[in-house]
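Novice: Attaching a single structure in structure tokens format; questions to follow.
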Amino acid sequence: MGFASAYLEQRALFPEIIKEAPDKNIGIVIVIPAYNEPVIRKLLDSLALCKEPPCRVEVLVILNAPVGASADSLNNNIISHNQIESWKKDNADCFFRLFAFMAPPVKGWGVGLARKTGMDEATRRFNSLNNPEGIILNLDADCLVAENYITSVYSVFTENNERSACSIYFEHPLEGSEFPGKIYEYIALYELHLRYYYQGLAYTGYPYVFHTVGSAIAVKALPYIKAGGMNRRQAGEDFYFIQKLVPAGGYFSITSTTVFPSPRPSFRVPFGTGASIARLNETGESVLYTYNFNAFRELKSFFGTTDTFFQAESEILQVIYNNMPVGLKTFLPKDEFISKIVEIQENTSGLPSFRKRFFGWFNMFKVVKYLNFVHLEIYEKKPVQVSALELLAEKSIIPESEEPRELLLQFRKLERKEIRF
């Protein structure tokens, strides 16, 4: 029995996909969901340009389509498969082994189920060698990667065994000839929203601030199965998966390399990058609204008093609640707040364990619920560049320009500077 045998028997959707035995020195498997991707060679070429790591590498493409997919989409899957086989012949001396799985029709196919299928198979490869430290990398078929993508991930994971999973730094292209100029303007707005949200959470003092971009995630095989594996969601699978990994510890961020996701518009999922760009492109608007910075100010005030909750009696908790910002009081009923804090107090023996349990309750799901709630009841959303400027002003940073693209470059610089790896 390998370390993942029980998980695979109970949770894997498919039996063994790859019949060829893995190399005994395999250390990384890169999983790539692909649906309606007729130009997958670009990604394969990008991976082939990467520096070779000390371990062996496999790349697994999961070609899939939802029930009712158009004939064109299904034909593009066949084109992708043919491209992969042709690429393998043309690049026989490539340092990684490449496999493609043409998934049969299954109800519920989407990016979550495709990622799960690939990640489960990667786990099966590592399980056959009893290698729980094997690294599973996630990409999308329309991404490109930096030359040090594979070696950076390998180095950062292997230099510290306590590191279990991570988010990888990403940048969308802001110029080029592949798309109309407006698409690059829209992606600058959307990525600025992502980075403003990230910095807003960091400003609050929330302890688990990470990007949740599915094409920029890595996880070791053992933490993967301990988290119950990837979910089958057709959108947002990355967010939900990371929220299961973070509380276990060992989650971190890498900024020493870069993934370059595509800015293309797409309605294949109801939200996320592609859908946001598609909506902006449809309306022709040059404004993207995001969270009001006052909502983050409220969270900062709340999280900044967390330690005072630890030994506070019920009467003191009532006073604390009465002094909380209006948005939080509207979102969080007094009885729920007091009873939950008392419950956490009764189940923790010290301040560190209290903090951990508190943020297990007021986790990222609750943060998002709060933000969505107060923007219906209390605050109005603002153009992303307006909110971004407010945050920078709070940090005493005066940008050279207030244009979205220039603000985004400022936020990228902030992020690379603040993360160590």
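Novice: In segment 310-347, which residues are part of a helix (DSSP H, G or I), among the aliphatic types (A, V, I, L, M) and out of contact with any Lys or Arg (no Cβ under 6 Å at 6 or more places or on another chain)? So that I can check it myself, show each step before the final result.
Specialist: So the first thing to find is which residues in segment 310-347 are part of a helix (DSSP H, G or I), and the list is 314-322, 326-331, 334-346.
Those left that are additionally among the aliphatic types (A, V, I, L, M): 316-317, 319-320, 326, 328, 338, 341-342, 344.
Once the filter is applied, which keeps residues that are part of a helix (DSSP H, G or I), among the aliphatic types (A, V, I, L, M) and out of contact with any Lys or Arg (no Cβ under 6 Å at 6 or more places or on another chain), segment 310-347 yields ILE316, LEU317, VAL319, ILE320, VAL326, LEU328, ILE338, ILE341, VAL342.
Novice: OK, next. Which one of these does SER401 not meet: (1) polar (S, T, N, Q); (2) at pLDDT below 95; (3) open to solvent by less than 20 Å² (accessible area, probe 1.4 Å)?
Specialist: Unmet condition: (3).
Here is a yes/no grid of residues against (1) touching a helix residue (DSSP H, G or I) at 6+ places or on another chain (Cβ under 7 Å); (2) over 15 Å from GLY205 (Cβ atoms); (3) free of Cβ contacts under 8 Å to residues at least 40 places away in the same chain; (4) not charged (D, E, K, R):
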{"position": "SER301", "(1), (2), (3), (4)": "no, no, yes, yes"}
{"position": "TYR321", "(1), (2), (3), (4)": "yes, yes, yes, yes"}
{"position": "VAL326", "(1), (2), (3), (4)": "no, yes, no, yes"}
{"position": "THR330", "(1), (2), (3), (4)": "yes, yes, no, yes"}
{"position": "SER339", "(1), (2), (3), (4)": "no, yes, yes, yes"}
{"position": "VAL342", "(1), (2), (3), (4)": "yes, yes, yes, yes"}
{"position": "GLU346", "(1), (2), (3), (4)": "no, yes, yes, no"}
{"position": "GLY360", "(1), (2), (3), (4)": "yes, yes, no, yes"}
{"position": "MET364", "(1), (2), (3), (4)": "yes, no, no, yes"}
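Novice: Restricting attention to segment 142-151, which residues are surrounded by fewer than 23 Cβ atoms within 10 Å (Cβ to Cβ) and part of a helix (DSSP H, G or I)?
Specialist: Taking segment 142-151 first, the residues surrounded by fewer than 23 Cβ atoms within 10 Å (Cβ to Cβ) are 142-144, 146-148, 151.
Matches in segment 142-151: THR151 only.
Novice: Another question about this same structure. Filter segment 11-47 down to residues that are at pLDDT 95 or above and of a type in the set (S, T, N, Q) and give me whichever is nearest to the chain's Cα centre (by Cα).
Specialist: SER46
Condition check ((1) under 21 Å from TYR370 (Cβ atoms); (2) open to solvent by less than 10 Å² (accessible area, probe 1.4 Å); (3) touching a residue at least 12 places away in the same chain (Cβ under 8 Å); (4) within 17 Å of the chain's Cα centre (by Cα)) across all residues:
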{"site": "ASN161", "(1), (2), (3), (4)": "no, no, yes, no"}
{"site": "GLU175", "(1), (2), (3), (4)": "no, no, no, no"}
{"site": "GLU185", "(1), (2), (3), (4)": "no, no, yes, no"}
{"site": "LEU192", "(1), (2), (3), (4)": "no, yes, yes, yes"}
{"site": "TYR198", "(1), (2), (3), (4)": "yes, no, yes, yes"}
{"site": "PRO223", "(1), (2), (3), (4)": "no, no, yes, yes"}
{"site": "LYS244", "(1), (2), (3), (4)": "yes, no, yes, yes"}
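Novice: Here's another thing I want to ask about it. Inspect all residues belonging to segment 77-98 and state whether any of them is of a type in the set (Gly, Ala, Ser), at negative phi and touching a helix residue (DSSP H, G or I) at 6+ places or on another chain (Cβ under 7 Å). If you could, list the steps in order and put the result at the bottom.
Specialist: In the first step, residues of segment 77-98 are kept if they are of a type in the set (Gly, Ala, Ser); the result is 80, 86, 92.
Then keep just the ones that are at negative phi; that gives 80, 86, 92.
In the following step, the residues that additionally are touching a helix residue (DSSP H, G or I) at 6+ places or on another chain (Cβ under 7 Å) were identified as none.
No: segment 77-98 contains no residue that is of a type in the set (Gly, Ala, Ser), at negative phi and touching a helix residue (DSSP H, G or I) at 6+ places or on another chain (Cβ under 7 Å).
Novice: Still on this structure, please answer the following. Quick check: is even one residue across segment 1-13 part of a loop (DSSP other than H, G, I, E, B) and open to solvent by 70 Å² or more (accessible area, probe 1.4 Å)?
Specialist: yes
Novice: Something else: Cβ-Cβ under 8 Å, sequence separation 6+ or interchain: first residue in segment 1-26 and in contact (Cβ under 8 Å) with a residue 24 or more places away in the chain, partner open to solvent by 90 Å² or more (accessible area, probe 1.4 Å). Which pairs?
Specialist: Pairs found: GLY2/ASN130; PHE3/ASN130.
Novice: With the condition kept exactly as written, say whether any residue in segment 127-135 is at pLDDT 95 or above and either of a type in the set (Phe, Trp, Tyr) or in a helix (DSSP H, G or I) (or both).
Specialist: The answer is yes; a qualifying residue exists.
Novice: Is it the case that some residue within segment 40-48 is assigned to a strand (DSSP E or B) and either out of contact with any Pro (no Cβ under 7 Å at 6 or more places or on another chain) or touching a residue at least 40 places away in the same chain (Cβ under 8 Å) (or both)? Walk me through it before giving the result.
Specialist: Of segment 40-48, the ones assigned to a strand (DSSP E or B) are none.
Scanning segment 40-48, I find no residue that is assigned to a strand (DSSP E or B) and either out of contact with any Pro (no Cβ under 7 Å at 6 or more places or on another chain) or touching a residue at least 40 places away in the same chain (Cβ under 8 Å) (or both), so the answer is no.
Novice: Give segment 226-253 a look and list any residue that's touching a Ser or Thr at 6+ places or on another chain (Cβ under 6 Å) and either outside any helix (DSSP H, G or I) or more than 19 Å from PRO33 (Cβ to Cβ) (or both), or say none.
Specialist: Once the filter is applied, which keeps residues that are touching a Ser or Thr at 6+ places or on another chain (Cβ under 6 Å) and either outside any helix (DSSP H, G or I) or more than 19 Å from PRO33 (Cβ to Cβ) (or both), segment 226-253 yields GLY250, SER253.
Novice: Quick check on segment 54-89: of everything there that is open to solvent by 20 Å² or more (accessible area, probe 1.4 Å) and hydroxyl-bearing (Ser, Thr, Tyr), which residue is farthest from GLY112 (Cα to Cα)?
Specialist: SER86
Novice: For segment 91-144, name all the residues that are touching a Leu at 6+ places or on another chain (Cβ under 9 Å), closer than 12 Å to LEU222 by Cα and β-branched (Val, Ile, Thr).
Specialist: Correct list: THR123 only.
Novice: Working carefully through the options SER215, SER262, find the one that is part of a helix (DSSP H, G or I), touching a Cys at 6+ places or on another chain (Cβ under 8 Å) and open to solvent by less than 50 Å² (accessible area, probe 1.4 Å). Even if it seems obvious, please write down each step before you answer.
Specialist: Numbers: SER262 fails: part of a helix (DSSP H, G or I).
Matching residue, one of SER215, SER262: SER215.
Novice: Still on this model: I need the full set of residues from segment 343-358 which are under 30 Å from the mean Cα position of the chain (by Cα) and open to solvent by less than 40 Å² (accessible area, probe 1.4 Å), in order please.
Specialist: Of segment 343-358, the ones under 30 Å from the mean Cα position of the chain (by Cα) are 344, 351-358.
Correct list: ILE344, PHE354, PHE358.
Novice: Take the residues in segment 174-216 that are small (Gly, Ala, Ser) and touching a Pro at 6+ places or on another chain (Cβ under 8 Å), then tell me which one is farthest from PHE358 (Cα to Cα).
Specialist: Kept after step one, since they are small (Gly, Ala, Ser), are these residues of segment 174-216: 176-177, 181, 188, 200, 202, 205, 214-216.
From the residues that got through so far, the ones that are touching a Pro at 6+ places or on another chain (Cβ under 8 Å) too are 188, 215-216.
Working: ALA188: 35, SER215: 30, ALA216: 28 Å.
In this case the residue turns out to be ALA188.
Novice: Then there's this: As an exercise: evaluate LEU139 against (1) at pLDDT 95 or above; (2) surrounded by 24 or more Cβ atoms within 10 Å (Cβ to Cβ); (3) out of contact with any helix residue (DSSP H, G or I) (no Cβ under 7 Å at 6 or more places or on another chain) and give the number of the one condition it does not meet.
Specialist: Result: LEU139 passes all but (3).
Novice: Still on this structure: Just name the residue that is farthest from the chain's Cα centre (by Cα) out of those in segment 295-328 that are open to solvent by 70 Å² or more (accessible area, probe 1.4 Å) and closer than 17 Å to PHE373 by Cβ.
Specialist: Across segment 295-328, the extreme among qualifying residues is VAL326.
The values are calculated or read from the model by the stated rules, or taken from the named source; none is laboratory data. Note that the structure is predicted; figures quoted are calculated from it, not measured. Positions of Cβ are generated from backbone atoms using ideal geometry, with glycine treated the same way; all protein chains shown enter the neighbour counts. Ligands, DNA and RNA are stripped out before the accessible areas are found, and what is left, the full protein with its side chains, is counted by its heavy atoms. Shrake-Rupley method; radii C 1.70, N 1.55, O 1.52, S 1.80 Å.
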